[in-house]
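What follows is one structure encoded as C-alpha cells, with my remarks underneath.
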Amino acid sequence: MTGAAAVDVPAAAAANGGACCHAAKGPGYATPLEAMEKGPREKLIYVTCVYNGTGINKPDYLATVDLDPSSPTYSQVIHRLPVTHIGDELHHSGWNSCSSCHGDPSAKRRFLILPSLLSGRVYVVDTATDPRAPSLHKVVQTEDIAEKTGLGFPHTSHCLASGDIMISCLGDKEGNAAGNGFLLLDSEFNVKGRWEKPGHSPLFGYDFWYQPRHKTMISSSWGAPAAFRTGFNLQHVQDGLYGRHLHVYDWPGGELKQTLDLGDTGLLPLEVRFLHDPSKDTGYVGCALTSNMVRFFKTADGSWSHEVAIDVKPLKVRNWILPEMPGLITDFVISLDDRYLYLVNWLHGDIRQYNIEDPAKPVLAGQVWVGGLLQKGSDVVYVTDDGHEEQYNVPQVKGHRLRGGPQMIQLSLDGKRIYVTNSLFSRWDEQFFGDDLVKKGSHMLQIDVDTEKGGLAINPNFFVDFSKEPDGPALAHEMRYPGGDCTSDIWI
C-alpha cells in the first residue's frame, strides 16, 4: 500500500469536533493540568540504551530505572530487556495509547513502541504485565515496512485517537531523504501503509506533533540518513543534505499545506512541540546547528508563520574543530501548564529554564551546567570578549566527573524534576565526545526545578551510571514514564 491510509476518529470524538468525550476514562488524563495536578510522582522510567557503535557486539536494550527515593534500588537499573538483533540503534519511543485516547475506555496504555533508527525494525514492548520488567511483545521487521511503504530509518512514534500508531521515517531503505514519510501501524502493530497523501512527503523527516483542534500536524527535518549516519560533515549542510524547514500538514487528512523555510537561523530543526493546551495555535522547534528556538504560530489568515524566540549565541573557542562552537540544542520540553520551557545545549553543556507565559518573549529563569566540551579539565576553552580563556565549573555527582553533555531530557508531571541523559547518536557521540563517552558510557542525572521563582540545581543523590552495565558501558538516550509524560502525550 503506497497511498494514504485513513485515520478514523471514534464516533465520540467526531461528535465533539474531533475531540474525544472525556466522560469515560481511557489512558492518561483529560487535560494537561489534570496530569500536572493529579498525576502520581514517577517511580520508574524506561531508558533506551545503545551498544551499536560502541565496539560491544551486543543488542541494544531497554533499561528500567528506579526513581523512588524510598526504594533500596533508587537511582539504579533494575531490569534490562535486550532486543533481538545487533546494530539497531534504539533511539526514540512512544506509546500505543496515550491521553489522546482518554475518551476511549477500551484503550489501554500497555505497549511501548521502540523504532530502531538504523536497522528500520520496530520493537513493541509489553510494559503492563510487569512494569518493572517489561517483555518483548512483537517485532515489526524492516523488510515488511520497506516492502509495503518504501520507508526506512523510523524515528518518532505517536499514538492516534483511532488506535493506530504513526511513526516518522527519515528516508527510504537506502537512506535517501527523498523517500521519507510517515508509517502507520494498526492497533495490532501490522503495517497499514503511509499516513501522508501520495506526493505529499516532506523534504526531510524527523519529529512531529499534531494539534487536532487546529486540524494541523507539523513535522521537522534533520537530514538524509545517508549523511548523518556516517557522522556530521559541515559540507553536507552546504550540499543540501540537512534540513531547515517545517512542514505543515492538514490533520488528519495528510495533505502538505505549507512548508516554512526557517532560513540560515533555523538549521537542523529537530524536536517540535505545540503547547500542551490543545486550544493553543503555537509551539516551538529546536534548531540544533544554529542553536535557536523558533516559535511557530497561526496567523490571522489561517496560514502559519515563524520567528526566532530564543537565540543561544555560539562561543569563540580554541583547540576545537571550528573557531566558534554552537550550543547545539538537541532536545527541549514544555511543562504541562505551558509556563516553562527547558532546553539543552549538548556541546556547551548547560540546561536552561525559560518562562514562556508570553510565548513570543521567553525569559531566562534558570541555568545549570552538567557537562559539555567547555568544562574545567577539557582541552577546549572559550574566549571572552576581552580575550581571556575560560571554562565552566561542572560539579562531580556522587564522586563522578560528568561525561558528554546534556542531550535528552524528561520532566516530571508536576514540573519539579528533570531527568537527563547524555547520548545523542552513537556516531555523533564518538565524533564530538570520543572515547570519554562512547567507551566509558552514559550517565543519567536528576535536576531539581524551582517552579515558583525559577532555578535549576543538580540532585547530588541521584546518579545512574551506565558505565557499569553487565555487558559493558552503554549509551543512554530517551526516557519514558510508564504512565505517560510531557513529550509522549497529546491532548485533543
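Only residues that are within 23 Å of residue 73 (Cα to Cα) and crowded, with 20+ Cβ neighbours inside 10 Å were counted across region 450-459, and they come to 1. Within the option set 188, 174, being under 24 Å from residue 138 (Cα atoms), part of a loop (DSSP other than H, G, I, E, B), open to solvent by 10 Å² or more (accessible area, probe 1.4 Å) and without any contact (Cβ under 8 Å) to a residue 60 or more places away in the chain holds for one residue only, 188. Restricting the search to strands (runs of 3 or more DSSP E) fully inside region 72-170 and requiring at least 1 residues that are under 28 Å from residue 211 (Cα atoms) gives 111-115, 122-126, 135-140, 151-159.
Please find, among 355, 319, the residue that is touching an Asp or Glu at 6+ places or on another chain (Cβ under 8 Å) and at pLDDT 95 or above.
On the way: 355 fails: touching an Asp or Glu at 6+ places or on another chain (Cβ under 8 Å).
Checking each option against the conditions leaves just 319.
Within region 78-88, the presence of at least one residue that is at pLDDT 95 or above and crowded, with 23+ Cβ neighbours inside 10 Å is confirmed.
Somewhere in region 117-138, is a residue over 14 Å from residue 481 (Cα atoms), among the aromatic types (Phe, Trp, Tyr) and touching a strand residue (DSSP E or B) at 6+ places or on another chain (Cβ under 9 Å)? Yes: one or more hits. Out of all the residues in region 221-251, which are over 22 Å from the mean Cα position of the chain (by Cα) and either in contact (Cβ under 8 Å) with a residue 60 or more places away in the chain or surrounded by fewer than 17 Cβ atoms within 10 Å (Cβ to Cβ) (or both)? Within region 221-251, 233, 234, 235, 238, 239, 240, 250 qualify.
Modelled with pLDDT under 95 and of a type in the set (D, E, K, R): which single residue out of 43, 25, 38 fits that description? Step through it out loud before you land on a result.
Details: 43 fails: modelled with pLDDT under 95; 38 fails: modelled with pLDDT under 95.
None of the others qualify; the one that does is 25.
Reported count of residues in region 41-71, each being farther than 21 Å from residue 438 by Cβ, over 19 Å from the mean Cα position of the chain (by Cα) and open to solvent by less than 10 Å² (accessible area, probe 1.4 Å), is 2. Among the residues of this structure, residue 366 counts as one that is modelled with pLDDT of 95 or more and closer than 27 Å to residue 480 by Cβ. Is at least one residue of region 422-443 within 20 Å of the chain's Cα centre (by Cα), surrounded by 18 or more Cβ atoms within 10 Å (Cβ to Cβ), among the aromatic types (Phe, Trp, Tyr) and not in a loop (DSSP other than H, G, I, E, B)? Yes; the residues of region 422-443 include at least one that is within 20 Å of the chain's Cα centre (by Cα), surrounded by 18 or more Cβ atoms within 10 Å (Cβ to Cβ), among the aromatic types (Phe, Trp, Tyr) and not in a loop (DSSP other than H, G, I, E, B).
Residue 144: more than 20 Å from residue 62 (Cβ to Cβ) and open to solvent by 10 Å² or more (accessible area, probe 1.4 Å), yes or no? Steps first, answer last, please.
On the way: more than 20 Å from residue 62 (Cβ to Cβ): yes; open to solvent by 10 Å² or more (accessible area, probe 1.4 Å): yes.
Yes.
Looking only at region 147-161, residues that are of a type outside the set (Lys, Arg) and open to solvent by 40 Å² or more (accessible area, probe 1.4 Å) come to 1 in all. Among residues of region 417-445 that are among the acidic types (Asp, Glu), those with a beta-carbon under 6 Å from a residue that is open to solvent by 10 Å² or more (accessible area, probe 1.4 Å) and assigned to a loop (DSSP other than H, G, I, E, B) at least six positions away or on a different chain give the pairs 436/403.
The single condition among (1) out of contact with any Leu (no Cβ under 7 Å at 6 or more places or on another chain); (2) surrounded by fewer than 23 Cβ atoms within 10 Å (Cβ to Cβ) that residue 136 does not meet is (1). If you filter region 191-200 down to residues that are in a loop (DSSP other than H, G, I, E, B) and not charged (D, E, K, R), you find that the one that is nearest to residue 105 (Cα to Cα) is 195. Residues in region 396-421 that are under 18 Å from residue 60 (Cβ atoms) and not in a loop (DSSP other than H, G, I, E, B): 2 in all. For region 460-477, filtering for residues that are in a strand (DSSP E or B) and open to solvent by less than 10 Å² (accessible area, probe 1.4 Å) leaves 5.
The values are calculated or read from the model by the stated rules, or taken from the named source; none is laboratory data. These figures come from a predicted structure and were not determined experimentally. Please note: Cβ atoms are built from the backbone with ideal geometry, for glycine as well, and neighbour counts cover all protein chains shown. The protein model used for the area step is the full one, side chains on, heavy atoms only, and it has no ligands, DNA or RNA in it. Shrake-Rupley method; radii C 1.70, N 1.55, O 1.52, S 1.80 Å.
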